[in-house]
Amino acid sequence: MDRKMNFTQLRCFIKAVDNSSFTIAAERLNFSQSAVSKNIKDLEDTIGVTLINRAHHRISLTNAGKYFYRVARNVVDDMDYTVAYLQNKKNDPETLLRIGVCDTPLEQKILPIFLRKLRESGSNINVQFVFVLNNSIGELLNHHVDICAIARDDVDIVDDVLFEPLITGKVVIACPQDSELAQKKLVTMADLKDKNIFLLDPNSSLNVQMNFQTTLINSLGMEHIKFVQDFLAMDIYVRGGWGYGILPNFIADSQSEGITYVPIDYHDISPYGIAYMDSFSNKSVLEEVLKTLENAVKEYSQVNINK
């Protein structure tokens, strides 16, 4: 009898990899450990390759396993999204909205306000946030999300994707509160000379961030520039007084304690807003979401003005 791959095998494999443990995977799936092990072994037998190394009571992926994990993850996620969509559509075809987010500090501030305002308005939209890292457009084009928060530079090169701006894009510098640049109203390129500057890793940055970083490096050189992996690392270095961070205003958390954000004398950059496919069918939901997001941004901005 020919063996056939199934979703139970894929879920066992993914859970085991995500938790580096057959035991924990079994607990999360409410299976026995032997059942998880058997499903993964059957999966390997079906495709004819070893996916997991099982040495020293810990698991790690083979090269084939690393490749298969990415494919399996996409397949299972697609199925989960589809099931969730259809289940919601059964009761109300207009309620489920999947929003792709990058989990930036600004989004962490604005999105709770957005959800509160939706609830207060009596909206029946069921919002599901999907963490999309730096692949927002790919997730949108593959229909993993319905709309995504993004800078317009990442949208302009893609056909059939529309964009609604929410925030005018500007470059700002994150300064320790007691630093000399924190006292300025506007920072120039000359002010940055010989200063220790932290930039986001180009491999994880938005296109708009990378464009300015290239300009900055060409102007200042690399001697005093260091790259950090994410926003949290930049925040820690700046608050610790090790230097200054440079980033778009729509990434920054202007309410962060111990940091003052000052605009840099540089032209406006790509705005931040919401991207969606031209084929998005529910215009009334889109209008409601955009209006609520605009109000959330206004409320957040007003809090900063009154700080």
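Looking only at region 26-50, which residues are within 11 Å of LEU10 (Cβ to Cβ) and either in contact with a strand residue (DSSP E or B) (Cβ under 9 Å, 6 or more places away or on another chain) or of a type in the set (Lys, Arg) (or both)?
Hit for region 26-50 is ILE40, nothing else.
Do any strands (runs of 3 or more DSSP E) lying entirely in region 122-190 carry at least 1 residues that are of a type in the set (Gly, Ala, Ser) and farther than 17 Å from SER279 by Cβ, and which ones are they?
147-151, 161-169, 171-176
Output the number of residues of region 18-64 satisfying the condition of being under 18 Å from PHE7 (Cβ atoms), touching a residue at least 40 places away in the same chain (Cβ under 8 Å) and not hydroxyl-bearing (Ser, Thr, Tyr).
Matching residues across region 18-64 total 2.
Kindly establish whether LYS185 is at pLDDT 90 or above, farther than 30 Å from LEU290 by Cβ, of a type in the set (Lys, Arg) and in contact with a Leu (Cβ under 9 Å, 6 or more places away or on another chain).
The answer is no for LYS185.
Filter region 228-280 down to the residues that are among the polar types (S, T, N, Q) and surrounded by fewer than 16 Cβ atoms within 10 Å (Cβ to Cβ) and list them by number. Reasoning before the result, please.
Initial filter on region 228-280 (among the polar types (S, T, N, Q)): 229, 249, 254-256, 260, 270, 279.
Once the filter is applied, which keeps residues that are among the polar types (S, T, N, Q) and surrounded by fewer than 16 Cβ atoms within 10 Å (Cβ to Cβ), region 228-280 yields GLN229, GLN255, SER279.
Could you please find all residues in region 127-136 being surrounded by fewer than 20 Cβ atoms within 10 Å (Cβ to Cβ) and modelled with pLDDT under 85?
Narrowing region 127-136 to residues surrounded by fewer than 20 Cβ atoms within 10 Å (Cβ to Cβ): 127-131, 133-135.
If the condition is that a residue be surrounded by fewer than 20 Cβ atoms within 10 Å (Cβ to Cβ) and modelled with pLDDT under 85, then PHE131, LEU133, ASN134, ASN135 are the ones that fit.
Show me the strands (runs of 3 or more DSSP E) entirely contained within region 206-307 in which 2 or more residues are touching a residue at least 60 places away in the same chain (Cβ under 8 Å).
It comes to 244-248, 259-263, 269-277.
A quick yes/no check of all residues on (1) assigned to a helix (DSSP H, G or I); (2) hydroxyl-bearing (Ser, Thr, Tyr); (3) at pLDDT 90 or above; (4) surrounded by 15 or more Cβ atoms within 10 Å (Cβ to Cβ):
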{"residue": "ASP18", "(1), (2), (3), (4)": "yes, no, no, no"}
{"residue": "ALA25", "(1), (2), (3), (4)": "yes, no, no, yes"}
{"residue": "ASN39", "(1), (2), (3), (4)": "yes, no, yes, yes"}
{"residue": "HIS56", "(1), (2), (3), (4)": "yes, no, no, no"}
{"residue": "ARG73", "(1), (2), (3), (4)": "yes, no, no, yes"}
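So which of ASP159, ASP178 ends up being surrounded by fewer than 13 Cβ atoms within 10 Å (Cβ to Cβ), over 19 Å from the mean Cα position of the chain (by Cα) and under 22 Å from GLY245 (Cβ atoms)?
After ruling out the rest, the residue left standing is ASP178.
Check LYS117, LYS66 and return the single one that is of a type outside the set (A, V, I, L, M), at pLDDT 85 or above, buried (at least 16 other Cβ atoms within 10 Å of the Cβ) and not in a strand (DSSP E or B).
None of the other options fit; the residue is LYS117.
Of the residues LEU192, LEU220, only one is in contact with a Leu (Cβ under 8 Å, 6 or more places away or on another chain) and buried (at least 18 other Cβ atoms within 10 Å of the Cβ); which?
Sole residue among the options that is in contact with a Leu (Cβ under 8 Å, 6 or more places away or on another chain) and buried (at least 18 other Cβ atoms within 10 Å of the Cβ): LEU192.
Can you tell me how many residues in region 258-307 are out of contact with any Lys or Arg (no Cβ under 9 Å at 6 or more places or on another chain), aromatic (Phe, Trp, Tyr) and modelled with pLDDT of 85 or more?
Qualifying residue count, region 258-307: 2.
The values are calculated or read from the model by the stated rules, or taken from the named source; none is laboratory data. Computed from a prediction, not measured in an experiment: that's the story for all the values here. When we count neighbours, we look across all protein chains shown, and the Cβ atoms used for this are built from the backbone with ideal geometry, even at glycine.
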